[in-house]
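Read through the structure below, which is laid out as structure tokens, and then see the notes.
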Amino acid sequence: MPAKKVSSKKASVQARAKAPPRTVEPRPSSGAASPPRLTRSKRTVVILSRKRSLYSTRRLVEAIRQRGHRPLVLDTLRCTMVLAPGQPRMLYRGVDIKGVDVVIPRIGASITGYGLAVVAHFEMMGVPVLNSALAISQSRDKLRALQLLCRAGLDAPRTVMAHDRSNMRKLVEEVGGLPVIIKLLRGTQGVGVMIAHTLQEVQTIGSTFWDLGQEVVLQEFVAESKGRDVRALVVGNQVVGAMRRRAKQGEFRSNIHRGGEGSPVELSATYVEVAVRAARLLGLEIAGVDMLEGHNGPRLMELNSSPGFEGLEQATGQDIAGEMIDHALALVEARAAATRPTL
């Protein structure tokens, strides 16, 4: 469903001075009223995460407690799914998991298969999940995500995928010639993303990945981006924070995990609308949307269904974790209201 249009005044993300992330005070998103901090009853919010010590997990736990609710961190790989006709159950270290109000998956790429099964099982149990198994799966598959986005008319760098590698020169021509970006079909944080400046490099890199059983795509190199991109963090129908990332010297990937630097940026209405619409198209309630700044506007690179936000909170001083939890609690209340009997 296309996102509602928003004015630039309401949609833009205001740049703020850097502040320590643990001292950030919760505050409303730009141009939108903050949801109620307290709901009608104490809720149990599950975070699926391999490690409690991870920054994003710790911040989400803090935000849940600040709002008077109960956080429950579950190691995804320790969850056991039990199936019986009409009675799906979830065990954690042998104990039944009951009374869960909402689940926020933080599923790493290395456990995508099992993680998706756990998320889908919570959905079968009738528990609201941010994000759904289908949405996570679509965002993890770079080609499928681009198929959905391009079908809807959104702009992305030219991309090709082929199993037949006999005419590599033709594939390179299809994406605008050299240099060309080579990406693993599934990967995060810049892992499995390489640049090739010659046809020989394309053939060597591609063959190496293919021989290892990996699927790859070739993608247009957007020269005007100059080692920069924009990360917009979408929660629901809002961009709650954005930064411009710049690659370190000698590196073309701008990911923070690869040494890139982030600075707060005020997005135009066009960039906000593209980011929100892209997340909606993939069914993501929470998404990190990466865009290149092309000559004619935003060009979508990829969407991350479990976006890290340490760099964004530090760069903008915004309470990103709080925005996520407020949205999760709002969905719980909306579902409760919808199922409440009417007089």
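Bear in mind that the values in this text are calculations on the coordinates, not laboratory data. Not measured: the values here are computed from a predicted model. Because the Cβ atoms are built from the backbone with ideal geometry, glycine has one as well, and the counts that use them run over all protein chains shown.
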Whole-number D in µm² s⁻¹ for segment 263-324, Kirkwood Cα-pair radius fed into Stokes-Einstein, 25 °C, 0.890 mPa s:
196
For segment 36-136, what proportion of DSSP beta bridges, expressed in % and rounded to the nearest 5, is antiparallel?
40
A correct Stokes-Einstein calculation for segment 69-140, using the alpha-carbon Kirkwood radius, 4 °C and 1.567 mPa s, returns a whole-number D in µm² s⁻¹ of 103
Could you work out how far apart the two model spin labels at Thr198 and Arg246 are, taking each label as a point 7 Å from the Cα in the direction of the beta carbon, and quote it in nm?
3.2
Compute the length gained on full extension between Lys226 and Met124: take 0.36 nm times their separation in residues and subtract their Cα-Cα distance, giving the result in nm to one decimal.
32.2 nm
Sum up the charges of everything whose Cβ sits under 15 Å from the Cβ of Thr112, counting Lys and Arg as +1 and Asp and Glu as -1, but leave Thr112 out.
+3
Rg to Rh, two decimals, where segment 166-230 supplies the alpha carbon set and Rh follows Kirkwood
0.96
Across all Cα atoms of segment 50-97, Rg and the largest Cα-Cα distance (Dmax), in Å, are 13.6, 39
Here the net charge surrounding Leu267, from other residues whose Cβ is less than 10 Å away from its Cβ (Lys, Arg +1; Asp, Glu -1), is -1
